[in-house]
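**Student:** The structure's right below; bear with me while I get my questions together.
The values are calculated or read from the model by the stated rules, or taken from the named source; none is laboratory data. Because the structure is predicted, anything quoted here is derived from the model rather than measured. Don't worry about glycine lacking a Cβ; one is built from the backbone with ideal geometry, like all the others, and counts go over all protein chains shown. These accessible areas exclude ligands, DNA and RNA; they are computed on the full protein's heavy atoms, side chains included. Shrake-Rupley method; radii C 1.70, N 1.55, O 1.52, S 1.80 Å.
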Amino acid sequence: MTSFIQDLYDEQEVLSQEEKSDSSEEEINQTEKITKEIEKTPIFTLEKVKYRRPSDFVSVCVANNIMFLGCKNNLIIRINLGNSENLQDINFTNSRKPIIRKLFVDPTGRFLLISCRTGENFLYYHSKSSIKTPKISKLKGKIIGSVTWAKNNNDNKFRGLIGTTDGIIYEFQFHRNFNLKKLYTFSQNDRITGIYYQNIVANPKLMYVLVTTTNTLYQFVGGETVEQLFDSYKNKKPSNLTLPGELKKSEFHLNKNKGYANQFCWLTESGISFGNIIAKRNSKPGDNIIHEAKLVPYPKIPELMENEQIRNLPTPISIVRSDFHFILIYPDRLVAISNLDHIFIMEKVVDPKLDGKLIGVIQDPTTGDLWLFSSKSLYSIVKHNEDRDVWKIYLNREQYEVALEYCKGDNIKGDKVLIEHGKSLYRKKNYLQSANILGKTTLPFERTAVKFMDLQSREPLKYFLSSKLDTLEEKPTSESIMITTWLLELYLEDLNYLEENKMEEKFVKAERGFHNFIKDKIKILNDQTTFELITSYDRMKEMVFYASLTKQFDRVISHHINQQDFDHAIKVIRNNSLLDMIYKYSPILMFSAPLKTIHCWKQFQNIEPSKLLPSLMRYNSGRNHNDKKPNYAIEYLEYCVHVINNKEQTIHNYLLSLYIEYNYDDKLMRFLNPVNGIKYYDPRYGLRLCMQNGKKEGSVFLYSEMGMYKEAVKLALTFDENLAKINANKPTDLILKKKLWSKVAKHIAKRTGDPRKAIEFFKDSETLEFENILPMIPQFKCIDEFRDDIIKSLKSFNKQIDEIQLDMEEDRNSAELIRKDLNHIRKNSVLVRFDEQKCQICDRLILNNDYYIFPCNHSFHVGCLTKEVKERFLSKALKRQLKFLSNVIKKEEKQLYIQNNNIEQSINKETILEINSKIEKARNDYDRIVASQCIECGNFSSKIVETSFFDYSNKKMINSWKL
């Protein structure tokens, strides 16, 4: 560990210990308490079924949640375990003697074979209309030792194999009738205690049959049918497994995986025989399909071993194999041993006097439920976390992956397994895997890290730190920051070492690992520490990578520029849309890589070109005017002006200055006078530049644009008379235009010294008249040659005089008419008597309020007339307009009052005049609507004819007219 990381570690160690100690200890203690409580609970418990039996039990079987209870009184009870109230009694015989020996049910629970001590055998099944229990006459005198059933999906069909106690194997089929066929007989008439057959998984065309007797397990392999299978063994002995001793009540059971048997369990005199069943695709008659067969002696039961009088251990009377245990049944107890390490697990004693002697244990092949029965009782064997200790067994066997699987997410158990696994790998010097595993454990970090630091290679340490980091939360904590920083330094050391020793392949791999590490832990790494560490190792490439990931593009761009790698700097800006970086670094980039820089600018739609002017100016200041390469500043400015339609005056002015500076005269004139006529440049600025740089044509144009036509014509006459003529014709003021044309004419006459040139110029002009040219003709010049022009000019003057006289006559007539109208108005007047004149509507004197008086001498109060007109004559639109005008008058009068009474501020006369103007206009419009004519004698009166005498919507008025 370097001094840098050591310092960081020393600072963070105390904090990390404080963070972890309290919470982790509480969690561990709580979990351990729960684990101990669970371990105190027995793996198997017995739950007695509350059932009032009609007689003692003899045999019990179960399949598909259907149970059959065979009683001593020859009654068979069918129970649907899914519905315990659904009980059915089956009477199959009239015999009073107990004859039931054993019951055999098919996997579906629909068919039952009843084997009797008398050698009689019966079949129970449901038909569509009734329940039937026919006797199987073909098996008369035979006692069934075991039955195996074929897979069947038909309710009324089944088949299988029967093994009898006298060593005969039969094939049976049932479809309306029970058919039986003898297949094989053992030479010594061995007692068959178990039988099973199925097709080989790898080759369904072949099958195998397993048969057990009191001390031998036989294996029959081959044949597409059972008949062909046994025919192949007429002259050949099957493979077998023979054990010492004979057990008449031997039992044979199989464990299935996905419907196919893969393990067997066999109760023998010598002990428990078990192993795997492996039938290969190319298996043939005589092959052995039993593998890894083991024989486990029966357990030493502690209670019985303490009794000195018992010399020999008892033999179990029944057995069943669960997932992880053998369950053995003795007449008075249930014993469980592990089928993995074969140690005694537990026992459960049953009182034979109270509950009867135990008879057997059975398992539902469909549900896996376990049942125990005695002569008087039925028990359900309940499993409680049966695999709780399986992890310990596999741990002791050093099968760590399997052990971890059976920890089932228990952190304490899993931690123990990982610790042992990691230590084992370390002892075997498999340091990488050991580091990876130990990093996931709760072993003290410091001690474990020191172990890997002592190794020559740093890779195990990196593996350990990475693994430990994966166990921490994905957020910055003191511990996670310390570990990531340590890992970072290890990566940097490796990169420097590999690069110095020119190990290219390993360097590429290490670099890829570094990149992946940075990407994964980007949220945990401390930014400042990371930059300092990378820089201290002089890994600039890695610094750029980290800065790019953390989006610190300023560092990235600055690095590329310092390395003169302008293309990459521009690429970073473009790919990440860094507008602020454009403004910051464009002066350098434009000067060093102008073409790519402006292409980058063009990709930003929201860029502000005015902020790029310093970059463009710096570029032009360092550029040689004789350089034949394109001017990229002009290219970008033209793009701004013509493509994106930029309207900023500064942009247009700068482009104008560049056209002038680089003598782009054609572009200059097109720019000064664009096709659309819209100009955004400052003409004064342009004029100054044109004058300073001798751009006369541009100066003339700008003079003209600014309305300085005299200056434009004066300058144009110095180099282009036609241009002077064009500009002389631009003013709209005829007097100015004449002066300009006269100035041009004088210039031409003076330059040529020939008055006739001035006369010719006069003919081209529509503005000048001949009298304007006369002063340019010498005093003693003969005017005969100008005779026609003089006559034409005089005629034009005469015509103008006649038109003026006509206009004067018309003006005189109009004045006379106006004078007569004024005299008429003075004579037409209305006499108002305030003490007699009354409102035509309310019949009150008009002097009390504002009023209207018409030429017909009718008078009205303003309020009365307004109300009457609104109610009787105005449309809705006019009513709304009248209301609007009234509001305007009130509003403006209020404003006028405020202005007149505002003491703090000086009175604004312009504002008062404006308000008065608005009030006067609103009142005129108001009067035009209300008082356009008298309602008594005007056109309004004619509209009254169409109006009803009363309002039909007024019910009171209508009712008052009823008789």
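**Student:** Of the conditions (1) open to solvent by less than 40 Å² (accessible area, probe 1.4 Å); (2) touching a residue at least 60 places away in the same chain (Cβ under 8 Å), Leu455 satisfies every one except a single condition; which number is it?
**Tutor:** Failing condition for Leu455: (2).
**Student:** Looking only at region 598-607, how many residues end up being over 18 Å from Phe566 (Cα atoms) and either of a type in the set (Gly, Ala, Ser) or surrounded by 14 or more Cβ atoms within 10 Å (Cβ to Cβ) (or both)?
**Tutor:** 2
**Student:** Do we have Asp627 as of a type in the set (D, E, K, R), closer than 26 Å to Ala593 by Cβ and surrounded by fewer than 16 Cβ atoms within 10 Å (Cβ to Cβ) here?
**Tutor:** Values: of a type in the set (D, E, K, R): yes; closer than 26 Å to Ala593 by Cβ: yes; surrounded by fewer than 16 Cβ atoms within 10 Å (Cβ to Cβ): yes.
Yes; evaluated as a whole, the condition is true for this residue.
**Student:** Which of the numbered conditions does Arg555 fail, given that it passes all the others? Conditions: (1) open to solvent by 60 Å² or more (accessible area, probe 1.4 Å); (2) in contact with a Cys (Cβ under 8 Å, 6 or more places away or on another chain).
**Tutor:** Arg555 satisfies every listed condition except (2).
**Student:** Can you find a residue that is closer than 25 Å to Tyr379 by Cα, open to solvent by less than 40 Å² (accessible area, probe 1.4 Å), of a type in the set (Ser, Thr, Tyr) and assigned to a loop (DSSP other than H, G, I, E, B) anywhere in region 55-62?
**Tutor:** yes
**Student:** Filter region 512-539 down to the residues that are among the charged types (D, E, K, R) and under 31 Å from the mean Cα position of the chain (by Cα) and list them by number.
**Tutor:** The answer is Arg512, Lys519, Asp520, Lys521, Lys523, Asp527.
**Student:** Consider Lys909 carefully, then state whether it is at pLDDT 80 or above and either open to solvent by 80 Å² or more (accessible area, probe 1.4 Å) or of a type in the set (D, E, K, R) (or both).
**Tutor:** Judged against the criteria, Lys909 is not a match.
**Student:** Does Gln895 satisfy the condition of being modelled with pLDDT under 80, surrounded by 13 or more Cβ atoms within 10 Å (Cβ to Cβ) and part of a helix (DSSP H, G or I)?
**Tutor:** For Gln895, the condition - modelled with pLDDT under 80, surrounded by 13 or more Cβ atoms within 10 Å (Cβ to Cβ) and part of a helix (DSSP H, G or I) - is not met.
**Student:** Let me ask you something else. If a residue must be within 60 Å of the chain's Cα centre (by Cα) and open to solvent by less than 60 Å² (accessible area, probe 1.4 Å), how many such residues does region 252-275 contain?
**Tutor:** Residues that pass the stated criteria total 15.
**Student:** Taking the condition of being closer than 21 Å to Ser270 by Cβ and in contact with a strand residue (DSSP E or B) (Cβ under 9 Å, 6 or more places away or on another chain), how many residues in region 197-219 meet it?
**Tutor:** Count: 9.
**Student:** Another question, then. May I ask you to say which residue of Leu874, Leu882 is open to solvent by less than 70 Å² (accessible area, probe 1.4 Å) and either touching a helix residue (DSSP H, G or I) at 6+ places or on another chain (Cβ under 6 Å) or modelled with pLDDT of 85 or more (or both)?
**Tutor:** Leu882
**Student:** Still on this structure, please answer the following. For region 839-871, give me each residue that is modelled with pLDDT of 85 or more, hydroxyl-bearing (Ser, Thr, Tyr) and in contact with a Cys (Cβ under 8 Å, 6 or more places away or on another chain).
**Tutor:** Once the filter is applied, which keeps residues that are modelled with pLDDT of 85 or more, hydroxyl-bearing (Ser, Thr, Tyr) and in contact with a Cys (Cβ under 8 Å, 6 or more places away or on another chain), region 839-871 yields only Ser859.
**Student:** Now for a separate question. For Thr193, state whether it is open to solvent by 10 Å² or more (accessible area, probe 1.4 Å), under 24 Å from Pro285 (Cβ atoms), over 60 Å from the mean Cα position of the chain (by Cα) and modelled with pLDDT of 90 or more.
**Tutor:** In short, yes.
**Student:** Out of Ser610, Ser657, Ser615, Ser586, which single residue is of a type in the set (S, T, N, Q), open to solvent by 30 Å² or more (accessible area, probe 1.4 Å) and not in a loop (DSSP other than H, G, I, E, B)?
**Tutor:** None of the other options fit; the residue is Ser610.
**Student:** So is His652 assigned to a helix (DSSP H, G or I) and free of Cβ contacts under 8 Å to residues at least 12 places away in the same chain or not?
**Tutor:** No: the conditions fail for His652.
**Student:** Restricting the search to region 91-135, which residues are assigned to a loop (DSSP other than H, G, I, E, B), within 22 Å of Asn189 (Cα to Cα) and open to solvent by less than 50 Å² (accessible area, probe 1.4 Å)?
**Tutor:** Passing the criteria: only Gly119.
**Student:** Taking region 513-537, which residues are free of Cβ contacts under 8 Å to residues at least 12 places away in the same chain and either over 19 Å from Leu472 (Cβ atoms) or touching a Phe, Trp or Tyr at 6+ places or on another chain (Cβ under 7 Å) (or both)?
**Tutor:** Selection gives Gln528, Glu532, Thr535.
**Student:** Based on what the data block shows, is Lys440 at pLDDT 90 or above and either more than 25 Å from Ser322 (Cα to Cα) or surrounded by 19 or more Cβ atoms within 10 Å (Cβ to Cβ) (or both)? Even if it seems obvious, please write down each step before you answer.
**Tutor:** Values: at pLDDT 90 or above: yes; either more than 25 Å from Ser322 (Cα to Cα) or surrounded by 19 or more Cβ atoms within 10 Å (Cβ to Cβ) (or both): yes.
When the stated conditions are applied, Lys440 passes them.
**Student:** Among the residues of region 880-896, write down those that are free of Cβ contacts under 8 Å to residues at least 40 places away in the same chain and either within 60 Å of the chain's Cα centre (by Cα) or under 18 Å from Cys934 (Cα atoms) (or both).
**Tutor:** Listed by number, the residues that qualify are Arg880, Lys883, Phe884, Asn887, Val888, Lys891.
**Student:** Does Ile570 meet the test of being open to solvent by less than 20 Å² (accessible area, probe 1.4 Å), out of contact with any Ser or Thr (no Cβ under 8 Å at 6 or more places or on another chain) and closer than 18 Å to Glu635 by Cβ?
**Tutor:** Judged against the criteria, Ile570 is not a match.
**Student:** So, in region 198-232, how many residues would count as being within 60 Å of the chain's Cα centre (by Cα) and of a type in the set (Ser, Thr, Tyr)?
**Tutor:** Counting residues in region 198-232 that are within 60 Å of the chain's Cα centre (by Cα) and of a type in the set (Ser, Thr, Tyr) gives 2.
**Student:** Residues that are of a type in the set (A, V, I, L, M, F, W, C) and closer than 17 Å to Gly439 by Cα, at least 1 per element: which helices (runs of 4 or more DSSP H) completely within region 454-549 meet that?
**Tutor:** Of the helices (runs of 4 or more DSSP H) lying wholly inside region 454-549, those with at least 1 residues that are of a type in the set (A, V, I, L, M, F, W, C) and closer than 17 Å to Gly439 by Cα span 459-471, 478-500, 504-520.
**Student:** Inside region 80-90, can you point out the residues that are crowded, with 18+ Cβ neighbours inside 10 Å and part of a strand (DSSP E or B)?
**Tutor:** Once the filter is applied, which keeps residues that are crowded, with 18+ Cβ neighbours inside 10 Å and part of a strand (DSSP E or B), region 80-90 yields only Ile90.
**Student:** Mind checking which strands (runs of 3 or more DSSP E) fall wholly inside region 178-230 and carry at least 3 residues that are among the β-branched types (Val, Ile, Thr) and under 22 Å from Asn276 (Cα atoms)?
**Tutor:** Values: elements: 194-199, 207-212, 216-221.
Those strands (runs of 3 or more DSSP E) span 207-212.
**Student:** Follow-up question, since we're still on this one. From Asn255, Asn189, Asn203, Asn199, grab the single residue that is at positive phi and among the polar types (S, T, N, Q). Talk me through it step by step, then tell me what you get.
**Tutor:** Values: Asn255 fails: at positive phi; Asn203 fails: at positive phi; Asn199 fails: at positive phi.
Being at positive phi and among the polar types (S, T, N, Q) holds for just one of Asn255, Asn189, Asn203, Asn199, which is Asn189.
**Student:** Do you know which residues across region 63-79 are out of contact with any Leu (no Cβ under 8 Å at 6 or more places or on another chain) and in a strand (DSSP E or B)?
**Tutor:** Ala63, Cys71, Leu75
**Student:** Identify, please: which residue in region 458-483 is in contact (Cβ under 8 Å) with a residue 12 or more places away in the chain and out of contact with any Leu (no Cβ under 9 Å at 6 or more places or on another chain) and is, among those, most open to solvent (accessible area, probe 1.4 Å)?
**Tutor:** Once the filter is applied, the top-ranked residue is Glu474.
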